[in-house]
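Step one of this worksheet: look at the structure below.
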């Protein structure tokens, strides 16, 4: 049984995971924590919620103390999780593609990465 440790890094307001996905394999575990001890919130898709134990309730709060889940299935499904800096964040729609991967989604809405945005068109 393998454990995959995912570390979230805050890059200019976007929480970026240490890898893009985790293979869904019954009995394996996945853990989430932040690199700097700040609080992050995990929002799991319905498919991911049904394939994890304990079943996560959104949002799941993590920090330097990891939250760990076990996979209860190896079957393909629409598995994904978004990472947010606020518990009341509006999460984009979850991808519907079926695979044997838990997709670790980065929400870039509202993040400008240092660009000047005057909301005008040239």
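Against the condition without any contact (Cβ under 8 Å) to a residue 40 or more places away in the chain, surrounded by 13 or more Cβ atoms within 10 Å (Cβ to Cβ), touching a helix residue (DSSP H, G or I) at 6+ places or on another chain (Cβ under 6 Å) and more than 20 Å from residue 109 (Cα to Cα), how does residue 67 come out, does it pass? Taking the combined requirement at face value, the residue does not satisfy it. Within the stretch 70-91, the residues that satisfy the criterion of being surrounded by fewer than 18 Cβ atoms within 10 Å (Cβ to Cβ), in contact (Cβ under 8 Å) with a residue 24 or more places away in the chain and out of contact with any strand residue (DSSP E or B) (no Cβ under 6 Å at 6 or more places or on another chain) are 73, 74, 75, 78, 85, 86, 89.
Every number here is computed from the coordinates shown, using simple stated rules; none is lab data. For clarity, every value in this text was computed on a predicted model and none was experimentally measured. Ideal geometry is used to build each Cβ from the backbone, glycine not excepted, and the neighbour counts take in all protein chains shown.
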